[in-house]
Amino acid sequence: MSEEPTREQRIEACLKVIASQPEFPAFLHHIQAVTLLIEDESASLHRLTNMVLRDYSLTLRVLRVANSMCYNRSGRPVVSVAHSITLLGTETIRSLAGGAALFEYYRKISPGLKELMLLSLLTANQTRAVAAAVDYPRPEEAYLCGMFRNLGELLIAGYFPRQYAGILSQMKESNLGQREVCTRVLHFTFEELGQAMAKQWKLPDRVSQCMSAAGPLCLGADDAELATLKAATAFSHALTTAVYRRDPEGAAARVNLLVLDYSPALGLRHDQVSGVLETGIVETKSTFSELSVPLDELRLRRQAEAAVASVAAGEPFEEPARPAEEVARGEELLRQFTRDIESMIEASADFDLHRLMLMILEAAYRGGPFDRVLFCLTDPAHQVMQGRLGLGERIEELRDTFRVPISVRGGLIGATLVRRQDLFVAARNSYAEAEALESVGAVSLGVYPILAEGVLGGCLYFDRLSAKPAPSPRTLELLARLRDLAAKALLLRRPAAA
């Protein structure tokens, strides 16, 4: 008679089933690549910026945090991801990247997981708000711990829907707690599976430690900071459950008990809990709105108000932007970048040329928007235009292969460089245009020569890999202005380079 599998063996078998799913290896590679990149002390600002920009939700989150009072003391809007990274530091970027990766992946693999992702995001935003209220020094680390607190349940709901439905059914019928029912059905808890997956993903140890289901009196005090972080995460997770996963009746009593239970560890007042709930709703609404995911904000507010009567009413849900609005936003972003870059050049003759060029590329990438942007320089003999620095999808490949003769042998792009003229191609109206687009695998492209005192020194290249409406004339004018600033910067720094 064969022995029953141990708890560890059951968890390992569960992880193997998840790892065998077609889409999972790509996600695992992504999250490990992010971790390795941020742990690499030699990783350049350029590589980190490109990593952030390729993830839309992460870009928005990084910019929002960089513009918060905690990091932006100047009061002047921060519009550049490159600038944001220097303000926030790599540890904060890792926390933001981890949370964004989890949200993006699980909202895509199953529409049925939207509710659980909503709850995870609420917990993450609440944990960050609690961390700020108790002066925890790394609020974005707290956000990451809150985001991953419910990882085990997400994994079971996403990959073992039959067992998950059985757990929910038994909890309802038997009136037993989640841990008891999970142990009956799975022979392990959601938290144990989440901790095992966190180890496989090589997430920070504190993320795994904060998945513990221990109550407020069992958090330990060997490490005061860790105890505070665990308490903030546990409280926020319990608050989400009390307010949004239970019957609204009795919510106020449940929240009162939570405040009393966690008072020794956190010292939160009832009015602060009201602010934590409000922050959770506002921040979660913002994320869902930015990603054009519908959110029943009114239902959340009704539930929060049932728990804490002082929660204020918020703004109505914002509809996703229409194409014309997206163009207007892109143009305004380009104008903001232009102002910042002009100020950077005027403020000091000793400006960071690499960072300035990275900001110009970021402006084109996001303001166009384009899928790839590349800053190019001529070779020493001024006969070939070569890719040097870029942002976007598979940009390293384009950078390494972009070698265009500055002559008619370089096709339409080469002839454009010879004539020192701006080029934008959005259709295959001629053999030359079709050949140019095919040579880089794009459906539209632009090449803006960079001239320093009439001498061709480089160019700004940008393209799109899928069919989209053509950039507005004003967008192209603003890109030309950025190109002119690149030329000015190169000219100003020429003596220093010599």
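Listed here are the residues, each with its yes/no results for (1) in contact with a Cys (Cβ under 7 Å, 6 or more places away or on another chain); (2) under 18 Å from ARG329 (Cα atoms); (3) not in a loop (DSSP other than H, G, I, E, B).
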{"position": "ARG47", "(1), (2), (3)": "no, no, yes"}
{"position": "MET51", "(1), (2), (3)": "no, no, yes"}
{"position": "THR59", "(1), (2), (3)": "no, yes, yes"}
{"position": "ARG64", "(1), (2), (3)": "no, yes, yes"}
{"position": "CYS70", "(1), (2), (3)": "no, no, no"}
{"position": "GLY75", "(1), (2), (3)": "no, no, no"}
{"position": "ALA82", "(1), (2), (3)": "no, no, yes"}
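Those helices (runs of 4 or more DSSP H) of segment 381-498 in which at least 3 residues are under 32 Å from the mean Cα position of the chain (by Cα), considering only elements entirely within it, cover 395-401, 431-440, 473-497.
Give segment 395-440 a look and list any residue that's surrounded by 14 or more Cβ atoms within 10 Å (Cβ to Cβ) and of a type in the set (S, T, N, Q), or say none. Passing the criteria: THR416, SER439. Inside segment 333-355, residues that are hydroxyl-bearing (Ser, Thr, Tyr), assigned to a helix (DSSP H, G or I) and surrounded by fewer than 18 Cβ atoms within 10 Å (Cβ to Cβ) make up a count of 1.
Kindly provide the set of residues from segment 179-209 that are of a type in the set (A, V, I, L, M) and either under 20 Å from ARG138 (Cβ atoms) or under 32 Å from the mean Cα position of the chain (by Cα) (or both), ordered by number. Once the filter is applied, which keeps residues that are of a type in the set (A, V, I, L, M) and either under 20 Å from ARG138 (Cβ atoms) or under 32 Å from the mean Cα position of the chain (by Cα) (or both), segment 179-209 yields LEU193, ALA196, MET197, ALA198, LEU203, VAL207.
Right, MET385: buried (at least 21 other Cβ atoms within 10 Å of the Cβ), more than 21 Å from MET51 (Cα to Cα), assigned by TED's automatic domain parsing to the domain that holds GLY458 and in contact with a strand residue (DSSP E or B) (Cβ under 6 Å, 6 or more places away or on another chain) or not? Quick ask: steps written out before the conclusion?
On the way: buried (at least 21 other Cβ atoms within 10 Å of the Cβ): yes; more than 21 Å from MET51 (Cα to Cα): yes; assigned by TED's automatic domain parsing to the domain that holds GLY458: yes; in contact with a strand residue (DSSP E or B) (Cβ under 6 Å, 6 or more places away or on another chain): yes.
It is true that MET385 is buried (at least 21 other Cβ atoms within 10 Å of the Cβ), more than 21 Å from MET51 (Cα to Cα), assigned by TED's automatic domain parsing to the domain that holds GLY458 and in contact with a strand residue (DSSP E or B) (Cβ under 6 Å, 6 or more places away or on another chain).
Note on segment 441-455: among residues that are surrounded by fewer than 18 Cβ atoms within 10 Å (Cβ to Cβ) and aliphatic (A, V, I, L, M), the one that is farthest from LEU485 (Cα to Cα) is VAL443. Listed by first and then second residue, the pairs with beta-carbon distance under 7 Å, at least 6 apart or on different chains, first residue in segment 253-272 and within 12 Å of ALA232 (Cα to Cα), second aromatic (Phe, Trp, Tyr) and surrounded by 12 or more Cβ atoms within 10 Å (Cβ to Cβ), are LEU258/PHE235; TYR262/PHE235; LEU266/PHE235; LEU268/TYR262.
When LEU239, LEU260 are checked against the criterion of being under 20 Å from VAL134 (Cβ atoms) and buried (at least 16 other Cβ atoms within 10 Å of the Cβ), a single residue qualifies: LEU239.
Entry remark, segment 258-280: residues being touching a Ser or Thr at 6+ places or on another chain (Cβ under 8 Å) and of a type in the set (A, V, I, L, M, F, W, C) number 3 in total.
Pairs meeting the criteria (first residue in segment 149-172 and in the same structural domain as THR123 (by TED's automatic domain parsing), second residue polar (S, T, N, Q) and surrounded by fewer than 19 Cβ atoms within 10 Å (Cβ to Cβ), beta carbons under 6 Å, at least 6 apart or on different chains) are GLY158/SER110. Does TYR461 fit the bill of being aromatic (Phe, Trp, Tyr) and out of contact with any strand residue (DSSP E or B) (no Cβ under 9 Å at 6 or more places or on another chain)? Here the answer is no, as TYR461 does not meet what is asked.
The values are calculated or read from the model by the stated rules, or taken from the named source; none is laboratory data. These numbers come from a predicted model, not from an experiment. Cβ coordinates were reconstructed from backbone atoms using ideal geometry, including for glycine residues, and neighbour counts include every protein chain displayed.
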